[in-house]
Amino acid sequence: MIITLNRFCLKNLLLYSDLRGSDLRRWNRCESLKKYFSNPECRTEVQISHGGTIEKDSSDDGDSFLLGVGIGDITGPIVEVEMMGYANVKQIGTGLQMRLRSRAFIVSDLSKENIWVLVNAVRDTAVRRGVVEELEKQYPGVFSQKNVALVGTHSHAGVAGFIQNLLPQITSKGFVKENYEAIVTGTVLAIKRAYENLSRGELSHGTTELLDTNSNRSPSAYDSNPKEETDRYDYNVDKVFDLVKFMSSSDNKPKGFMSWFAVHGTSMFRTLIGSDNKGMAAYLYESTVEPDSFPGNTSFVAGFFQSNVGDTTPNVLGAYCESGPYAGELCSFDKSLCGNRAEPCQGRGPAFPQSDWESTSVIGENQKKAAEKLMSTNLNIIRGSVKSVYTTVDMSSYRFREPGGNLAKTCPPAMGYAFAGGTTDGPGAFDFYQGNNHSKIDQNPLWNLVGSAVGGFPTKEQVNCHNPKPILLNTGFASFPYDWSPKVVDIQIFKVGQLVILIVPGEFTTMSGRRLRESVQKQLAAEGILGEEAVVILTGPANTYTHYVSTEEEYKAQRYEGASTIYGPKTLGAYIDIYTKHVGFLSEKNNSRASPGPGTSDLRTKALSFVSNVKFDGHPTGRPFGEVLIDVNISKAYSPLDLVEVTFQAANPRNDLLLEDSYFYVQTHGKDNVWRNVRSDSHPSTKFEWKNVNHLLSHSEAKVKNTTAGNYRIFYKGHSKSLNSNITPFTGISNTFYIKNSRK
């Protein structure tokens, strides 16, 4: 096992200014309330952090809510399990770059009668059901399917195996229960912490433009949308960064925020588990606000949610051929090919040719700076009711009338050939490619035969329904050993004041997200619920994972996003019909509930897993667990930019996931000779690598790397498993090493 503390510089230990100490007063005198409220009368005084007072409208509590924020550790098995996102069987976890976190945000009216919680973590029907079941036990009558939403940060460097349908489980060798349980446990903890620190506060919303942080990875598909529509926008991806600030009324300090920006979590390409650019942004912000707190232990919580992320990429320098005869050239525009192959085509992050980790940091830092800009600004106060709407819909056969009056329907799920072509963030293999909208007759007959093993050869009705998508995997008809794709999906909307959050069960492309938001905005006005003041935000993928949602025009282009729109070309139209029909439940005059619908399936008891358990751990004779195999160089003084690396005799980290803890700590001591933790496996300046060096005898090693200034040591924590399955904790400690101060 290798623990790496990479570029752990002196500058990383400097304390940042505490944002909580800044004066965040929005008003100095009662007169200034006129810009926020129609009634400027104010009679209540509220203490602020500097000991002064602000005057606030007490005639109406419409701008005051109960707000709560919380964080929980959801890091599953970091080794020996396939990673989630690229569906690459070779991308098996070998260690940890940063822990994964669940961040919960609760909004309630003052009576607690109307409450909802939006969670920034992972999304799936099974995970959500497990979370709600546990919450109903701990808080009966408070949380339910109606008011709990899970939205994925969509890191492609996380652990796989938590989605209940079979198709996403294939590369992870089935359902990974230990990962599922870690996610549920950490998410419940985040919500519990948020609920237990509910306090009176105010919400405000603002936007800013964020450039150089996302681009469109399927521009040819985007260009297939009507020109009069694309001409309305300056960019082929959304550059708007939305933020909702949570302010505490007791001390007039911010307690956190929710933000939305559309950029895929595909900055990282390695085999170390990490939270990608969204998790990096959250870490950077939280550690700036509370520099003395360890990651995951801050009271301030920064939420960086996804929006219409479908066709976005953080690899903003473009897609290039990285090998072969076309190396160094741009990939083809329409199909992202190098010659006739997709594998060499890879998007480049902003830090290229430096490592993907550097690009992750750049994209994360950009989002953090956008949030800082808005958090330091007077934003628009959110005032009004708290509402939530929830239903389920069978998307495999949903019928509706299009705006022109034509009857339309969705299809049973199916994946197109271009799905196997991958994207410029994660190219496909063999002879698959994007932009394949040829008839099935024109496809490789071998793949036609292989694909027929999944759900059989598609019927004529299914082929016509999905046209022009050539069907590779007929997943809607594949139910052995259980459903390959979901048919019934979660539909959810949250509202607080003029803010409406559309919680969508898939990855909407840029234009499909714009159309849904605009349709809901118009419906809000048509029903007299909200006017021009309405702020409609789309967030996903959430709850049920249904792959992608493209526009009908993009669908015809059959790039990856269109080929992965599993319910056919009318999918977006169906969602627009569903969400607009449920807008009426947001009205303050409407106290009825939406029909629960058919209900989503629960496949947890059917789930299969072929991930091997840890058999036992062994060690060479004379080398006990925790012994240092490669130690620091005690004869030299390291410089702040040097790499400090230590290798220990290790055990499998799957024996104990150490949730809310760390596999190692970097420790320092002062004149009192008391060792104190200064870095953990959650800091981006550290790295933890594990290696099974003797599979037969289960010998493993761990390596830690680090650089900083002062006297330090590495403290490693492990748990070994015996032949009779007993788990025994052990530790390892490196020699003390010294890092000298840097000189300018």
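The values are calculated or read from the model by the stated rules, or taken from the named source; none is laboratory data. Every value quoted in this text rests on a predicted model; they were computed, and no experiment measured them. No Cβ is skipped: glycine too gets one built from the backbone with ideal geometry, and neighbour counts run over all protein chains shown.
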Quick check on my filter: what residues within the range 659-694 are out of contact with any strand residue (DSSP E or B) (no Cβ under 7 Å at 6 or more places or on another chain) and in contact (Cβ under 8 Å) with a residue 12 or more places away in the chain? Asp661, Ser682, His683, Pro684, Asn694
Quick one: in the range 72-94, which of the residues that are more than 18 Å from Gly174 (Cβ to Cβ) and among the polar types (S, T, N, Q) is surrounded by the fewest Cβ atoms within 10 Å (Cβ to Cβ)? Thr94
Looking at this structure, is Val176 β-branched (Val, Ile, Thr), buried (at least 22 other Cβ atoms within 10 Å of the Cβ) and in contact with a strand residue (DSSP E or B) (Cβ under 9 Å, 6 or more places away or on another chain)? yes
Within the range 482-503, can one find any residue that is farther than 30 Å from Thr580 by Cα and in contact (Cβ under 8 Å) with a residue 60 or more places away in the chain? yes
Considering the range 124-147 alone, what residues qualify as being buried (at least 22 other Cβ atoms within 10 Å of the Cβ) and charged (D, E, K, R)? Asp124, Arg128
For a quick check of your reading: which helices (runs of 4 or more DSSP H) sit entirely within the range 177-278 and have at least 3 residues that are assigned by TED's automatic domain parsing to the domain that holds Val127, of a type in the set (S, T, N, Q) and under 30 Å from Ser612 (Cβ atoms)? 177-196
Every listed condition ((1) farther than 30 Å from Glu343 by Cβ; (2) out of contact with any strand residue (DSSP E or B) (no Cβ under 8 Å at 6 or more places or on another chain); (3) not in a loop (DSSP other than H, G, I, E, B)) holds for Pro291 save (3)
The conditions are (1) at pLDDT 85 or above; (2) surrounded by fewer than 20 Cβ atoms within 10 Å (Cβ to Cβ); (3) within 28 Å of Arg270 (Cβ to Cβ), and Phe664 fails exactly one of them. Which is it? (2)
Filter the range 269-288 for residues that are under 20 Å from Phe352 (Cβ atoms) and among the aliphatic types (A, V, I, L, M); the one that is modelled with the lowest pLDDT is Leu272
Of the residues in the range 152-165 that are assigned to a loop (DSSP other than H, G, I, E, B) and touching a Leu at 6+ places or on another chain (Cβ under 8 Å), the one that is farthest from Phe480 (Cα to Cα) is Ala157
Go through (1) crowded, with 21+ Cβ neighbours inside 10 Å; (2) at pLDDT 95 or above and name the single condition Gly265 misses. (2)
Test result for Ala557, aliphatic (A, V, I, L, M), within 30 Å of Asp63 (Cα to Cα), surrounded by 24 or more Cβ atoms within 10 Å (Cβ to Cβ) and in the same structural domain as Gly310 (by TED's automatic domain parsing): no
If you go through Ile170, Ile163, the only one that is crowded, with 22+ Cβ neighbours inside 10 Å and out of contact with any Ser or Thr (no Cβ under 7 Å at 6 or more places or on another chain) is Ile163
The range 517-549, residues that are assigned to a strand (DSSP E or B) and hydrophobic (A, V, I, L, M, F, W, C): Val535, Val536, Ile537, Leu538, Ala542, Val549
Determine which member of the set Tyr712, Tyr716 is closer than 21 Å to Leu643 by Cβ and either at pLDDT 95 or above or in the same structural domain as Val188 (by TED's automatic domain parsing) (or both). Tyr716
